[in-house]
Amino acid sequence: MKHQDKLFTLLFFLLLATVPAWAQETSRYELKGKLQGTKAEPLLAANIQLVKDPSMELVKVEVSAEDGSFIFSNLPAGTYKLMATHYDYATYQSGVIKLDNNLNLGDLVMPERAVALKEIKIEQQKPLVEQHFDKTVLNVENSIASTGSTVLEVLEKAPGVNIDQNDNISMRGKGGVIVMVDGKPVPMSGAELANMLRGMGANTVAKIDLITNPSAKYDAAGNAGIIDIRLKKDNRVGTNGTLSSSFGMGMYPKANQGLQLNHRNRNVNVFGSYNYVHRNDINKLDLYRQFYEVEETDTEGPKSSSLLGIYDQKNVFGHIINGHNGRVGADYTISPKTIVGIVGSGAFTDINRTVNNRADVLDGNKAYQSSFLTNGFTGTNRNNQALNLNLKHTIDTTGREISADVDYAAFQTRDLQNINISFVNAAKPQSDSTLFSDLDGELSIYSAKVDYAQPLKAMNANLEAGVKSSLVKADNNLQFFDRSEGRNDYLDDKSNHFLYSENINAAYLNLNKKWTKLSLQLGLRLENTQAEGKQLITHDDFDRSYTQLFPSAYVGYTVSEKHDVGLSLSRRIDRPTYNQLNPFRFLLDHTTYSQGNPALKPQLTYSFEFTHTLLQKFVTKLSYSRTTDVMVSVLSPTDETTEDGKPIVKQQDQNLAQLDYYGATLSLPITVARWFTSTNNLEIYYGLYQGNLANTNLRNGRPTFNLNSNNSFLLPNNWSAELIGVYRAREIYGFLDVNPVKFVSVGVQKQFLDKKASLKLNVSDVFYSNKTRATTELTGYAERFYQRRDTRVATLSFTYRFGKSQVAPSRRRTGGAEEEKRRAG
């Protein structure tokens, strides 16, 4: 890896050194004008696109000011066209504009809508999945098939995204995914993150961005990429709102209710939203566990083994989620150059979980011996509150600007768990036992960042720079009690009190430059991490401090009007989540528990991606990455046994030596007819896992592919329909060998009340085929499982938008508490 580090750094600085050689002095001009209606009234918030002529390639987008004025700055000489859209008027398109000096177009009059042609107007509906050269976009807001779904269920339909039986999210076969909401990382991972996403209704989401190669402006975390969930925002002028309501029925009922309000005038924008989610779900998980005695081993692994015994388990997990999510904030324009904002949010989730488990114990000859029954109930509360203060100031007309964010977030966790275990036909009589645990956790995150942007006129380039500091403090206290036979005995061996603190300080530089056909981005990020963990009972403490550089680069070239190519490379890090480091034990039954790993190290990844775009429509990506100290989940027997001598299994995240990943992605959007469009995404990849864990030499991988087909139909009388099909071929993920997964979802929509209201009916997983089968094998242990969830659901949804329809530009309302929030769970 040292040679690879040197080669990567050398390549980065060679690219950096070429910038002066490529820089050319070119003259730059500005193009301005004013938009007005047919009655000479100025038009606020019209969308104005500047495109090249004759290729129609998009150059820049602006929004008209209150007096209808607009300006495009820093443009090279050439020929252009203008296209403007406004809700109250038809589309305006200019003739050819030859720009070789500063040019004022004067007053431009938007044409009236041709009402008589309304019946033959052709509309294009965005597909659920869109491929761009730098990301994949899920257009959730207009998706019929997403009706009544949760955000987790929408992600399951995304190309390359997989959610395993333990609710871990991976992209294109790789873990280490950052999940953000409006640019702010979510403070959870694994099952906690999944439950949070189950508590978010898709009716609150506008789109989801799947970003595979972020720039140095982002935190260096996320070797698999970033999932950024963008919530709906109402950009209309005046007082407006959106009301949504949905009810669904699978095996059990589900419901989402939401209200979004917004008031915007010249200087002030006030917004707020509330959403309630009710989910009654079930998860059936069959496990077949085999334990072996290894009789002979050498450096290549076990030579032979004999079967010791089997657990044949049937688990039924139920959970009822009631989630309340609220958000309120305001933006205030102090001056034409300065905007300040404040955003407060809160999420309050109550989860009641039950487990019913029957395990039959078989001997080495697969003959029945005994059974044990586990019945458990967990009452879970997950609450969080966040506050963001933000400022954006334009320094001068050259484009220099500075922005700042200050964030505070607090998270509270409370788990009360009762587990009752009874034994049937045991050879040695055993009394029923009852275990009770009380987990009380608090987490606080403080973050501040400043970003600066400046054009470099001498180089015809742009420079971005920024600094960020974050502080995290966590306090988790877990107490276990034995309440068998009326006792309440404190259990020292299972209880613990864990304190964790972390400080990350970062700085970055980004340089962007564009020529006629060539574009370049170079970035370098520096991060210093100081982390300390203390276990007050076991005294197994750790103290870590490290500083690392994370370079990134992108080179793009327009080969012709039809072909664009690009090459990106980056180095990234994934730090363990706070739960992954937390050494607490979480019991599933008396033979199985999960536990954090304080010795878990961060994983580091080098990524390369080549992109080809044809006709600005068909996107092909070829990628390679190497990850060291890969964090994988390992399920293996321990040295511990139950009172009657049965083996105990532990699930824990550990570091595997290496993962090499090779991938290819193809996006194929097809317009079959004016009323029928089909967007198809194919991902082919191969992940090779190598290392030694749990006394097992691992060199495991196989080529696999994912196919996602999204089909949209525009029907007469404001009807539309959607059909989505997903197929995931057999896949290797660490020690897991996962069988193919497939499912189909369909939906129809009717719009009415001048398209302000819509009624949608959706059926997800129509054939109830979204089921998971997988196997895992280690030295002395093998397991296969079969999982079914409540995935076939019929949902009816109603949405109504009220208020004015004139659109104004919105500003971002995201903060600086980034990757550390994701790892809080």
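The values are calculated or read from the model by the stated rules, or taken from the named source; none is laboratory data. Note that the structure is predicted; figures quoted are calculated from it, not measured. A quick note on method: Cβ atoms are made from the backbone with ideal geometry, for glycine too, and the neighbour counts reach across all protein chains shown.
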Out of the residues in segment 77-96 meeting the condition of being closer than 30 Å to ALA458 by Cα and surrounded by fewer than 16 Cβ atoms within 10 Å (Cβ to Cβ), tell me which one is farthest from the chain's Cα centre (by Cα).
VAL96
Quick one: is LEU152 farther than 30 Å from TRP675 by Cβ, part of a strand (DSSP E or B), modelled with pLDDT of 70 or more and not acidic (Asp, Glu)?
no
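Here's the yes/no breakdown for (1) in contact with a Pro (Cβ under 7 Å, 6 or more places away or on another chain); (2) modelled with pLDDT of 90 or more; (3) not in a strand (DSSP E or B); (4) not assigned by TED's automatic domain parsing to the domain that holds ALA221:
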residue: GLN479; (1), (2), (3), (4): no, yes, no, no
residue: ASP492; (1), (2), (3), (4): no, no, yes, no
residue: HIS497; (1), (2), (3), (4): no, yes, no, no
residue: ILE504; (1), (2), (3), (4): no, yes, no, no
residue: ALA507; (1), (2), (3), (4): no, yes, no, no
residue: LEU511; (1), (2), (3), (4): no, yes, no, no
residue: GLN521; (1), (2), (3), (4): no, yes, no, no
residue: LEU524; (1), (2), (3), (4): yes, yes, no, no
residue: GLN530; (1), (2), (3), (4): no, yes, no, no
What residue, of THR516, THR591, THR538, is modelled with pLDDT under 90, crowded, with 19+ Cβ neighbours inside 10 Å and β-branched (Val, Ile, Thr)?
THR591
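Residues that are of a type in the set (Ser, Thr, Tyr): which strands (runs of 3 or more DSSP E) entirely in segment 695-808 hold 2 or more of them?
703-715, 719-728, 757-764, 772-778, 781-789, 793-803
Considering each residue of segment 708-727, count those that are within 17 Å of MET171 (Cα to Cα) and touching a residue at least 40 places away in the same chain (Cβ under 8 Å), and give that number. Even if it seems obvious, please write down each step before you answer.
Narrowing segment 708-727 to residues within 17 Å of MET171 (Cα to Cα): 708, 726-727.
From the residues that got through so far, the ones that are touching a residue at least 40 places away in the same chain (Cβ under 8 Å) too are 708, 726.
Selection size over segment 708-727: 2.
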So which residues in segment 748-786 are within 30 Å of LEU796 (Cα to Cα) and either touching a helix residue (DSSP H, G or I) at 6+ places or on another chain (Cβ under 6 Å) or charged (D, E, K, R) (or both), if there are any at all?
LYS750, ASP754, LYS755, LYS756, LYS760, ASP765, LYS771
Spot the failing condition for THR212; the list is (1) surrounded by 22 or more Cβ atoms within 10 Å (Cβ to Cβ); (2) of a type in the set (Ser, Thr, Tyr); (3) under 25 Å from THR349 (Cα atoms); (4) at pLDDT 70 or above, and only one is missed.
(3)
Go through (1) crowded, with 18+ Cβ neighbours inside 10 Å; (2) under 24 Å from ARG327 (Cα atoms); (3) modelled with pLDDT of 90 or more; (4) touching a Ser or Thr at 6+ places or on another chain (Cβ under 9 Å) and name the single condition ASN384 misses.
(3)
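Would you say VAL450 is aliphatic (A, V, I, L, M) and either touching a residue at least 60 places away in the same chain (Cβ under 8 Å) or not assigned by TED's automatic domain parsing to the domain that holds GLY596 (or both)?
Considered against the rule, which asks whether it is aliphatic (A, V, I, L, M) and either touching a residue at least 60 places away in the same chain (Cβ under 8 Å) or not assigned by TED's automatic domain parsing to the domain that holds GLY596 (or both), VAL450 comes out as no.
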When you scan segment 472-510, how many residues do you find that are without any contact (Cβ under 8 Å) to a residue 40 or more places away in the chain and buried (at least 17 other Cβ atoms within 10 Å of the Cβ)?
2
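For the subset of segment 215-232 comprising residues that are over 13 Å from ASN275 (Cα atoms) and of a type in the set (Lys, Arg), which member is modelled with the highest pLDDT? So that I can check it myself, show each step before the final result.
Just the residues of segment 215-232 that are over 13 Å from ASN275 (Cα atoms), to begin with: 215-230.
If we keep only those that are of a type in the set (Lys, Arg) too, we end up with 217, 230.
Numbers: LYS217: 72, ARG230: 79.
Among those residues, the one meeting the criterion is ARG230.
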When you scan segment 684-697, do you find a residue that is surrounded by 15 or more Cβ atoms within 10 Å (Cβ to Cβ) and within 30 Å of GLY747 (Cα to Cα), even just one?
yes
Does GLU532 satisfy the criteria of being among the acidic types (Asp, Glu), touching a Phe, Trp or Tyr at 6+ places or on another chain (Cβ under 8 Å) and exposed (fewer than 15 other Cβ atoms within 10 Å of the Cβ)?
yes
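Name the one entry in LYS755, LYS750 that is in contact with a strand residue (DSSP E or B) (Cβ under 6 Å, 6 or more places away or on another chain), of a type in the set (Lys, Arg) and in the same structural domain as GLU609 (by TED's automatic domain parsing). First the steps, then the outcome.
Values: LYS755 fails: in contact with a strand residue (DSSP E or B) (Cβ under 6 Å, 6 or more places away or on another chain).
It is LYS750.
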Exactly one of these conditions fails for ASN710: (1) touching a Leu at 6+ places or on another chain (Cβ under 7 Å); (2) at pLDDT 90 or above; (3) not hydrophobic (A, V, I, L, M, F, W, C). Give me its number.
(2)
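Could you please find all residues in segment 58-88 being of a type in the set (A, V, I, L, M) and either assigned by TED's automatic domain parsing to the domain that holds LEU456 or at pLDDT 80 or above (or both)? Full working, then the answer.
Just the residues of segment 58-88 that are of a type in the set (A, V, I, L, M), to begin with: 58-59, 61, 63, 65, 71, 75, 77, 82-84.
Of everything in segment 58-88, those that are of a type in the set (A, V, I, L, M) and either assigned by TED's automatic domain parsing to the domain that holds LEU456 or at pLDDT 80 or above (or both) turn out to be ILE71, LEU75, ALA77, LEU82, MET83, ALA84.
Within segment 624-638, is even one residue more than 24 Å from the chain's Cα centre (by Cα) and surrounded by fewer than 20 Cβ atoms within 10 Å (Cβ to Cβ)? Show your work before the answer.
Taking segment 624-638 as the starting set, the residues that turn out to be more than 24 Å from the chain's Cα centre (by Cα) are 635-638.
Narrowing further to those that are surrounded by fewer than 20 Cβ atoms within 10 Å (Cβ to Cβ): 638.
Checked against the condition, which is being more than 24 Å from the chain's Cα centre (by Cα) and surrounded by fewer than 20 Cβ atoms within 10 Å (Cβ to Cβ), segment 624-638 yields at least one hit.
Answer yes or no as to whether GLU722 is buried (at least 21 other Cβ atoms within 10 Å of the Cβ), in the same structural domain as LEU308 (by TED's automatic domain parsing) and farther than 18 Å from LYS254 by Cβ. Steps first, please.
Numbers: buried (at least 21 other Cβ atoms within 10 Å of the Cβ): yes; in the same structural domain as LEU308 (by TED's automatic domain parsing): yes; farther than 18 Å from LYS254 by Cβ: yes.
Taking the combined requirement at face value, the residue satisfies it.
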